[in-house]
Amino acid sequence: MHENAFSNETGVFIAHLNGAFADDLSIIRSKFKKNNLGYDLHFESSTQTIKNSDTSNKFVFIQTGGGTLNFSSGKTSKFSVGDIVLLKSNESFVSDSLLSCLIIKVPEEPNVDIPQIIRPDWDENITDTPGGCATETNAYRRILLTWKKEVGNYVFHGLNAHRVRIMDSFSHYHPKIGGFDEFYLVQMAQDSARIITSNKVSLIENPLSVTLDQSKELLASTHLEVGDLVYIPRGTMHRGIGGVLAQVITVPGFIPGSEIGLDHQLKKINTNLGLNEKDQVLYNEAASGSIIIK
C-alpha cells in the first residue's frame, strides 16, 4: 500500500478512500475548491441514505455497493459501481444496501435530458468509444457526461466523466489557463497499475535544455490501487499505465484542444542525451511521432 499524501515531486494529490483518508481528502477538497469556484466535494462511506439538503446540484459517483435505490421522487433504479446519480435541490435516495460514493457539487444547472441515474454498463445510449486514454480497438471506455453531442448523449459543460480501462495512455497535461482539473476515481487495478506524473512541464517542453541530472527527476511513478482518488490539477503532466479501471472526472468538462501531448518531447530528451533503456525517460512510443492536441 502506498502512502496517502501530496508530493511536490509528483504534482498530484491522492486520498486512499478505503483507508484513513480524511486528512488527504481535506487537502484535495481545499485545492479543488480554490481552483474551481462554486464547486465542492466530499465522500460518504458505508451509508444507505444520501440527501441533497440545499439548492445546489450534485453528482454522486458510486464507488462501492450495488442493489436498488429508492428516490424521494418515488422512482426506483438498480445501481452498481461506476454509476452516476444526479441529485437536484432537496432530492435524496435510500439504498437497500450499504454503498460508498464521491459527491461533487456543481454550480451550473444540468441539461434537462440528463437522466437521474447514468449507468455506463446498462444504458443502450452508452457504448465503448476508443480514444483519449484508451486508444486500443478493444478498449473499455464508456462516456457518461460529455462536452459535445458528437461524443456522447449526455452533454454538460460543468463536469464530464468517462469510465475507462487504462493500459498505456499518452503523456499529456491540461493548460492552467483554459484547461481543466482531473480526477481518477480508481475502481479496479492490476498490480502493475501506476500513474506517471510531472510538475516540470515547462522543462519537458524545452527538451534540448534538459540535463542528465534533470532527466533522472523529471517524472514520478505512483502505484495505484482500488479506492484511490487522484486529483490532477491543471498544468500537471500525467499518464496512466499498467491496467487501471477508473472513473475519470474533469472540472469543467473536456474542453476541446486542452489535452496537450508531451511524448514527442520526452522522446527528444532521450535522443538528445543518448539514454539507454535502463536510464530512459518513460514515454508512449505510439504517441511520440509528433505533437498530439485533443
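The values are calculated or read from the model by the stated rules, or taken from the named source; none is laboratory data. All values reported here derive from a predicted model rather than from experimental measurement. Cβ sites come from the backbone with ideal geometry, for glycine too, and all protein chains shown count toward neighbours.
Tabulated data for the structure shown
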| read-out | value |
| --- | --- |
| Given (1) in a loop (DSSP other than H, G, I, E, B); (2) on the phi < 0 side of the Ramachandran plot; (3) not β-branched (Val, Ile, Thr), number of the condition residue 41 does not satisfy | (1) |
| Candidate set: the stretch 56-67, residues that are assigned to a strand (DSSP E or B) and without any contact (Cβ under 8 Å) to a residue 40 or more places away in the chain; chosen: the one surrounded by the fewest Cβ atoms within 10 Å (Cβ to Cβ) | 67 |
| Odd one out for residue 33, checked against (1) in a helix (DSSP H, G or I); (2) on the phi > 0 side of the Ramachandran plot | (2) |
| Residue among 205, 217 that is at pLDDT below 95 and not β-branched (Val, Ile, Thr) | 217 |
| Output for the stretch 1-24, where each listed residue is at pLDDT 65 or above, farther than 12 Å from residue 197 by Cα, among the small types (Gly, Ala, Ser) and part of a loop (DSSP other than H, G, I, E, B) | 19, 20 |
| Long-range neighbours under 7 Å by Cβ, at least six apart or interchain, first residue within 29 Å of residue 177 (Cβ to Cβ) and touching a residue at least 40 places away in the same chain (Cβ under 8 Å) within the stretch 33-55, second of a type in the set (Phe, Trp, Tyr) and not in a strand (DSSP E or B) | 39/32; 41/32 |
| In the stretch 218-260, the residues that are crowded, with 23+ Cβ neighbours inside 10 Å and under 22 Å from residue 155 (Cα atoms) | 246, 247, 248, 249, 254 |
| Check on residue 70, assigned to a strand (DSSP E or B), out of contact with any helix residue (DSSP H, G or I) (no Cβ under 7 Å at 6 or more places or on another chain) and over 28 Å from residue 148 (Cα atoms) | yes |
| Enumeration of residues in the stretch 252-283 that are assigned to a loop (DSSP other than H, G, I, E, B) and under 17 Å from residue 218 (Cα atoms) | 262, 274, 275, 276, 277, 278, 279, 280, 281, 282, 283 |
| Looking only at the stretch 170-215, and only at residues there that are among the hydroxyl-bearing types (Ser, Thr, Tyr) and surrounded by 15 or more Cβ atoms within 10 Å (Cβ to Cβ), the one that is nearest to residue 259 (Cα to Cα) | 173 |
| Unique residue being loosely packed, with under 14 Cβ neighbours inside 10 Å, in contact with a strand residue (DSSP E or B) (Cβ under 8 Å, 6 or more places away or on another chain), within 22 Å of residue 25 (Cβ to Cβ) and not charged (D, E, K, R) when the list is 87, 98 | 98 |
| Single match in 186, 85, 94 (criterion: among the hydrophobic types (A, V, I, L, M, F, W, C), at pLDDT 95 or above and closer than 22 Å to residue 237 by Cα) | 186 |
| Single condition residue 219 does not satisfy, out of (1) touching a residue at least 60 places away in the same chain (Cβ under 8 Å); (2) under 23 Å from residue 45 (Cβ atoms) | (2) |
| Test: residue in the stretch 29-49 that is of a type in the set (Lys, Arg), surrounded by 15 or more Cβ atoms within 10 Å (Cβ to Cβ), in contact with an Asp or Glu (Cβ under 8 Å, 6 or more places away or on another chain) and modelled with pLDDT of 95 or more | yes |
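Conditions tested, residue by residue: (1) within 24 Å of residue 160 (Cβ to Cβ); (2) over 19 Å from the mean Cα position of the chain (by Cα).
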{"position": "204", "(1), (2)": "no, yes"}
{"position": "208", "(1), (2)": "no, yes"}
{"position": "214", "(1), (2)": "no, yes"}
{"position": "221", "(1), (2)": "no, no"}
{"position": "224", "(1), (2)": "yes, no"}
{"position": "233", "(1), (2)": "yes, no"}
